[in-house]
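The next block holds one structure in the form of structure tokens; read it before the comments.
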Amino acid sequence: MSRRTATLRRPRWTGLASVPESAQAAPAWHADGLAHVWLPYAQMKTAAPPLPVAATRGSRIVLADGRELVDGVASWWTACHGYNHPHIAAAVARQLATMPHVMLGGLLHEPAARLATRLAALLPGDLDRVFFTDSGSVAVEVAMKMAVQYWINSGVRGRTKFVAFRGGYHGDTTGTMAVCDPDEGMHRLFHGLLPEQFIADLPCDDESTAALDRLLGERADEVAGIIVEPLVQGAGGMLFHDAAVLQRLRAAADKHGTLLIFDEVFTGFGRTGTMFACAQAGVVPDILTLSKALTGGTMPLAATVASRRVFEAFWSDDPMHALMHGPTFMGNPLACAAANASLDLFAREPRLAQVAAIAAQLTEQLAPCRDLPGVVDVRVRGAIGAVELETIDIPALKARFVEAGVYVRPFGRIVYLTPAFTIGEADLARLTGAIVRVLGTR
Ligand code: PLP
């Protein structure tokens, strides 16, 4: 679109009057985008216009006007090696020259074969059969369909529901919204559309453990599986629970004969301090989902990994026992090449040590937030730091953070940091310093 047409169309973005000067100086594509791109979770009429990004670099976002923001959220928790890591870029470029895409329908390519083999070797227990998709939500959808079909293939009828937990978040698709916390605002709207599931409290104490046991005792013959985000419920509020909770869930699933699904879309690949969160509990689920940092945050890719017990229920002469799912771009070779390169980096660079260092720095530097008015809690686990507030004015905070030279994107009543593991001490200090300053002068 020409600059002139873009100008004509500008009034459609009715929030234009409040566009800050920096955005007005933005390139022409920004105005075109404002007229045509529909942004996620944003009230397009009143939200501040998105910042025009020209590039990403290490742990920084470079705006079109040349300003650099230290990125506190690593693009929704994905860019664990920082942006533009040359090893991943080179692997994708090589793959691009050979085979950007071919379907997995009846075909198999080396990047997917290598990646599945490496994931099977890294994951605990007998989680060794990998089904590729292209987003975390779809990985969870597949886990749910896999669990339901596991029971059908095993000759058990009626197990089509899931036990999920308050505070949980598993995605934005219809199936996954149904296993999110039902009190979560953005999904409440769609309740008429969603299948009803059992939403319980996490078994954090004797009472909630007994309640879960009662629920499963009464309804286990309807339950295909229990689904949980292990150790950290991310988008539900950066809520942490102990490893013992996961052991109780394993025990409950075994006692009542149902499947256990760990959604490690957020926690997978080091975020909580170990390569996978389940390792901290010594618990092996029956199905595990991965995405986000799987490609180091570079390409859309996700995986649903089944244990042998689950896969064996699909190993049959009956064509109807095949897993009934198959996204067009599943196992895209570019994305698999990126994921393989990301795993190389985990193998040869000290990522988990970097996560431990980030945890220590976050613990020390966010501690002053505890004394600020309106702060309810400050918590750190691995490379996740969260400050929970009594009340929050998100647009005002976001703008203050940009002024402070950082990109921090609060949600709910939470201001949080999930930086790249490669962020240096100085950039991390700039993030924590900005949070202490901004929250101290609200
Ligand atoms: N599961 C968990 C635990 C998540 O944190 C998310 C996204 O934040 C999802 C699933 C959905 O992933 P995606 O946004 O890639 O669909």
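Read-outs throughout are calculated quantities, based only on the coordinates presented, and are distinct from any laboratory measurement. None of the values given here were measured: they were computed from a predicted structure. In this analysis, Cβ positions are derived from the backbone assuming ideal geometry, glycine residues included, and neighbour counts consider all displayed protein chains.
Between Met324 and Ala28, the contour length at 0.36 nm per residue exceeds the Cα-Cα span by 102.1 nm. A convex hull fitted around the alpha carbon atoms of region 184-293 yields 114 Å³ per residue.
Compute the signed sum of charges (Lys and Arg +1, Asp and Glu -1) over the other residues within less than 15 Å, Cβ to Cβ, of Asp128. Spelling it out: positives minus negatives among the neighbours equals +2. When the GluC sites (Glu not before Pro) in region 162-231 are filtered for DSSP coil states and for at most 12 other beta-carbon atoms within 10 Å of their beta-carbon, the remaining sites are Glu196.
Computed over all pairs of different Cα atoms, the Kirkwood value for the hydrodynamic radius of region 114-172 is 13.5 Å. Using just its DSSP H runs of length 4 or more, each adding -39500 (n - 2.57), the chain gives a mean residue ellipticity at 222 nm of -11000 deg cm²/dmol after division by all residues. In the chain, the DSSP beta bridges split such that about 65 percent are antiparallel, to the nearest 5. Under a model in which nothing but the beta-carbon of Lys, Arg (+1) and Asp, Glu (-1) is charged, region 184-255 shows a dipole of about 160 debye around its Cα centre. If only the Cβ of Lys and Arg carry +1 and only the Cβ of Asp and Glu carry -1, the dipole of region 145-229 around its Cα centre is close to 520 debye. Taking a ≥ b ≥ c as the square roots of the Cα gyration tensor eigenvalues, with a/c under 1.5 meaning rounded and otherwise prolate when a/b beats b/c, else oblate, which class fits region 317-413? Verdict is prolate for region 317-413. Over region 231-293, Cα pairs under 8 Å with separation of 6+ residues give a relative contact order of 35 percent.
Under the shape rule built on the C-alpha gyration tensor, where the axes satisfy a ≥ b ≥ c, region 402-442 is oblate, since a/c reaches at least 1.5 while a/b does not exceed b/c.
The stretch between Val53 and Val102, if pulled fully straight at 0.36 nm per residue, gains 14.5 nm over its current Cα-Cα span.
Near Leu397, once Lys and Arg are set to +1 and Asp and Glu to -1 for all other residues with Cβ below 12 Å from its Cβ, the sum equals +4. Modelled label positions at Ala220 and Asp371, each set 7 Å beyond Cα in the direction of Cβ, lie 5.3 nm from each other. Placing dummy labels 7 Å off each Cα toward the beta-carbon, the span from Ala113 to Ile152 is 3.1 nm.
To make sure I understand the rule: partners must be lysines, Cα under 27 Å from the Cα of Lys145, and not fewer than 8 residues away in the same chain. Which ones qualify? The qualifying lysines are Lys161, Lys255, Lys292. Leu428 sits among other residues whose Cβ lies under 13 Å from its own Cβ, and their net charge, with Lys and Arg +1 and Asp and Glu -1, is -2.
Relative contact order of the chain: 20 percent, from C-alpha pairs under 8 Å at least 6 residues apart in sequence. Overall shape: prolate for region 305-370, with the ratio a/c of the largest to smallest alpha carbon gyration tensor axis at 1.5 or above and a/b above b/c.
Selection among Thr98, Leu127, Ala116 by position relative to the dipole of region 65-128 gives Thr98 as farthest towards the positive end (Cβ unit charges, Cα centre).
Could you list the square roots of 5 times each eigenvalue of the Cα gyration tensor of region 38-189, that is, the equivalent ellipsoid semi-axes, sorted largest first and rounded to whole Å?
Each semi-axis is √(5λ); the values are 33, 27, 14 Å.
Once Rg and the Kirkwood radius are both taken over the C-alpha atoms of the chain, their ratio Rg/Rh works out to 0.97.
At an R0 of 51 angstrom, the distance between the Cβ atoms of Trp315 and Glu207 translates into a FRET efficiency of 0.80.
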